[in-house]
Amino acid sequence: MSIQQETASTVAAALRRQILPTELGPCTVRVMQGSGGPGPVSLTPVVYLHGAAGTWTTFGALLGGTPAHDRVLLDLPGWGESTKGARVEHFTIEAMARAVTGVLNALGYRRWNLVGHSMGGFLALHIAAVWPERTASVAAISATTFGVSEAAKEPLRSLRTFPAFVGMQLLMRSMAALGPAGQALVRAAGTTPLIGPLASPFFADPAVISKIEIRRLGEDARPASFTAAARAASHYDFDWWRGIRCPVLATRGDSDVFTPPSDLARLAALVPHVHMVTIPRCGHFANLERPEQVQRLLKGVWRP
């Protein structure tokens, strides 16, 4: 068993699982109790928001050790263990943000640190803009923002600059149109060698990513949910983000084909307190490719 697998097993045993209702359907959430005890540290959890091609397990490599803050990990409605009863046809960034904050309210939290990967980073930034007094910090790991939004809106025009996303969007739309058969086809592909080439654009060096993680990407793919998320991003008004007041860490990998340098520059033009980091020898999944560096960066954001 690898170190990451051992960490995942230890983490899973420490998580308390429950299912809470939201306007987009049931949301499965896992909570790990922090060591801070009663008081502002434990009452300000770290909330992990996965991307459109993931689940809470995306963050497994970041969860080692005993946390000072509570950790809250969601399978967003439409993904992972929150697919049954999900109303993806009503998906908007605003509706998903209300679903997340509703879950946090139900758990008794009134303030939070947000860690979002890919679409989850997009979502975290929106939550920070709409609830600025309740958001202590945001860490957006390869958030798929301006470029992906434009590519989702005008795929043909973006084919040269965002070929990986445009191709994935076309594939997911096609599979979503097939209904359950499309979902089954994607999951079946995830168990074959075909998943390697399909997943390779996500990583700087796919050879160093475990076969388990590569296979999980295929298993976690949800064509209808991905398509709904892309549609929601294409209609988003980024002026919302002028309301963000908390510190923001925005990262991308130097080989990231989904989060270009221009996305970070445009974010910095809207948000006053942004720390931008490009992680070397890394693609779109820094939480899998460079977890130790991501952990160091996160500790810097959470430091009082």
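The values are calculated or read from the model by the stated rules, or taken from the named source; none is laboratory data. In this text, all values refer to a predicted model and were calculated from it rather than measured experimentally. Quick reminder, even Gly has a Cβ in these numbers, built from the backbone with ideal geometry, and neighbours come from all protein chains shown. The area values use the complete protein model at the heavy-atom level, side chains included, leaving out ligands, DNA and RNA. Shrake-Rupley method; radii C 1.70, N 1.55, O 1.52, S 1.80 Å.
Miscellaneous remarks
- A residue that is out of contact with any His (no Cβ under 6 Å at 6 or more places or on another chain), open to solvent by 40 Å² or more (accessible area, probe 1.4 Å) and modelled with pLDDT of 95 or more occurs nowhere in region 56-78.
- Count of region 103-129 residues, restricted to those that are part of a helix (DSSP H, G or I), in contact with a Leu (Cβ under 9 Å, 6 or more places away or on another chain) and open to solvent by 10 Å² or more (accessible area, probe 1.4 Å), is 2.
- Condition check for Arg281: within 21 Å of Gly147 (Cα to Cα) and either among the charged types (D, E, K, R) or modelled with pLDDT under 95 (or both): no
- Qualifying residue in region 182-192 (condition: within 16 Å of His284 (Cβ to Cβ) and either open to solvent by 20 Å² or more (accessible area, probe 1.4 Å) or among the charged types (D, E, K, R) (or both)): no
- Residue identified as within 26 Å of Val166 (Cα to Cα) and either at pLDDT 95 or above or open to solvent by 30 Å² or more (accessible area, probe 1.4 Å) (or both) among Ala221, Ala286, Ala199: Ala286
- Given (1) part of a helix (DSSP H, G or I); (2) surrounded by fewer than 21 Cβ atoms within 10 Å (Cβ to Cβ); (3) of a type in the set (A, V, I, L, M, F, W, C), index of the condition Ala151 fails: (2)
- Residues in region 243-278 that are open to solvent by 60 Å² or more (accessible area, probe 1.4 Å) and either over 18 Å from Gly147 (Cα atoms) or aromatic (Phe, Trp, Tyr) (or both): Arg245, Pro247, Pro272, His273, His275.
- Any hit, region 189-210, residues being aliphatic (A, V, I, L, M), assigned to a loop (DSSP other than H, G, I, E, B) and touching a Lys or Arg at 6+ places or on another chain (Cβ under 6 Å): yes
- Screening Pro132 against (1) touching a helix residue (DSSP H, G or I) at 6+ places or on another chain (Cβ under 8 Å); (2) open to solvent by 10 Å² or more (accessible area, probe 1.4 Å); (3) of a type outside the set (A, V, I, L, M); (4) farther than 21 Å from Leu49 by Cα leaves a single unmet condition, (4).
- Filter result for Leu297 (within 24 Å of Pro132 (Cα to Cα) and over 15 Å from the mean Cα position of the chain (by Cα)): yes
- Residues of region 245-270 satisfying the condition of being of a type outside the set (S, T, N, Q), part of a loop (DSSP other than H, G, I, E, B) and either modelled with pLDDT under 95 or under 20 Å from Gly51 (Cβ atoms) (or both): Asp254, Asp256, Val257, Phe258, Pro260
- Subset of region 33-51 [modelled with pLDDT of 55 or more and not β-branched (Val, Ile, Thr)]: Gln33, Gly34, Ser35, Gly36, Gly37, Ser42, Leu43, Pro45, Tyr48, Leu49, His50, Gly51
- Look at (1) part of a loop (DSSP other than H, G, I, E, B); (2) of a type in the set (A, V, I, L, M); (3) open to solvent by less than 10 Å² (accessible area, probe 1.4 Å) and you find that Met96 fails only one, number (1).
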